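Data block below; observations after.
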Amino acid sequence: MDLDFLIRRSENEAAKNGSIFMFHGYGSNKEDLFSLEQFLPKSHTIISLEAPLKLPFGGFSWFDIDYSDVIDNNLDKRYKEINDSIENILTNIDMHIKNENLNGDDISILGFSQGGSICWKLGFDYSTKFRRVIPMSSFVHPSYLNQKIDYYKELLVYCSHGLMDDVIPINLVEEHILELSKKNTITFEKYNSGHTINQRNLLSLISWLEKTNL
């Protein structure tokens with residue numbers, strides 16, 4: 001299915017441009033992360049996708065989840081549903097790359113919370129497709145990846161987490177991120193904050209994007 005989206009096109013109309021695709025958190029929508037577009041590289045086209053599952057209390061979700069999934073530190077029972085969502089996302093990304101005449105070798109993905117978990121899955125299981133992976137305040141666990149953690153290598157990742165995050169506690173994800181860091185180029189930053197992207201975090205992300213815009 002075609003996903004709703006918001007787009008900010010690159011200032012450079014004469015060339016095939018890089019792109020950053022955004023994935024919002026559980027219960028949010030396409031407007032949420034798109035508010036960051038003003039801080040992101042003007043050389044890139046920014047596309048914020050909206051998740052397909054409408055929640056009864058408002059907002060949208062990439063896949064069904066309850067708090068026990070996170071606390072139990074396992075997404076195994078969501079594996080098929082997550083993969084179905086991933087296939088839909090990949091189809092939509094390919095459509096935008098074609099329609100906007102974007103550079104297929106310069107696709108970055110950025111997600112927050114549940115959208116960050118989507119980033120981990122996309123970036124690692126479809127590593128040849130994405131150049132930069134940016135999951136923030138999100139959950140990563142071997143149970144929803146196609147391979148064991150030590151299989152993944154040579155990926156360029158920026159991830160961050162609040163030390164006081166009470167939605168996705170950092171102790172549930174830190175071990176896996178540090179394990180992934182052994183074979184991948186991962187910048188992992190921790191902040192004295194909750195489940196949010198604070199100003200220092202945003203400034204650090206902007207700096208990282210500039211350094212890696214090769």
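Each reported figure results from applying straightforward, stated rules to the coordinates on display, with no laboratory input. Just so you know, these numbers come straight off a predicted model, no measurement behind them. Because the Cβ atoms are built from the backbone with ideal geometry, glycine has one as well, and the counts that use them run over all protein chains shown.
Could you tally the net charge around ASP32, taking each other residue with its Cβ under 14 Å from the Cβ of ASP32, Lys/Arg +1 and Asp/Glu -1? Its environment carries a net charge of -3. Along the chain, counting only GluC sites (Glu not before Pro) with a DSSP assignment other than H, G, I, E or B and at most 10 other Cβ atoms inside a 10 Å radius, the longest segment between sites is 14-153. Just to be sure I understand: of the beta bridges DSSP finds with both ends in the chain, what percent are antiparallel, rounded to 5? In the chain, DSSP labels about 25 percent of beta bridges as antiparallel.
Counting Lys and Arg as +1 and Asp and Glu as -1 over every other residue whose Cβ lies under 12 Å from the Cβ of SER43, the net charge comes to 0. Each Lys and Arg adds +1 at its Cβ and each Asp and Glu adds -1 at its Cβ; summed about the Cα centre, the chain shows a dipole of about 560 debye.
Beta bridges per DSSP, both residues in segment 1-55: antiparallel share near 45 percent.
Gain on full extension, evaluated as 0.36 nm per residue between GLU210 and GLU174 minus their Cα-Cα distance, stands at 10.4 nm. Once you order the gyration tensor axes a ≥ b ≥ c over the Cα atoms, which shape class does the chain get: rounded for a/c under 1.5, otherwise prolate or oblate by comparing a/b with b/c? Rounded shape, in that the Cα axes give a/c under 1.5. Excluding same-chain neighbours fewer than eight residues apart, the lysines reachable from LYS148 by a Cα-Cα span under 20 Å are LYS77, LYS80, LYS121, LYS129, LYS182, LYS183.
ILE170 sits among other residues whose Cβ lies under 14 Å from its own Cβ, and their net charge, with Lys and Arg +1 and Asp and Glu -1, is -4. When the trypsin sites (Lys or Arg not before Pro) in segment 93-184 are filtered for DSSP coil states and for at most 16 other beta-carbon atoms within 10 Å of their beta-carbon, the remaining sites are LYS129, LYS148, LYS153, LYS182, LYS183. Across segment 1-34, the residues whose backbone nitrogen lies under 13 Å from the label position 7 Å along the beta-carbon direction of LYS54 are 4.
What the Cα convex hull of segment 78-170 gives, in volume per residue, is 98 Å³. Summed over qualifying helices (DSSP H, 4 residues or more, each -39500 (n - 2.57)) and divided by its residue number, the chain shows a 222 nm mean residue ellipticity of -9000 deg cm²/dmol.
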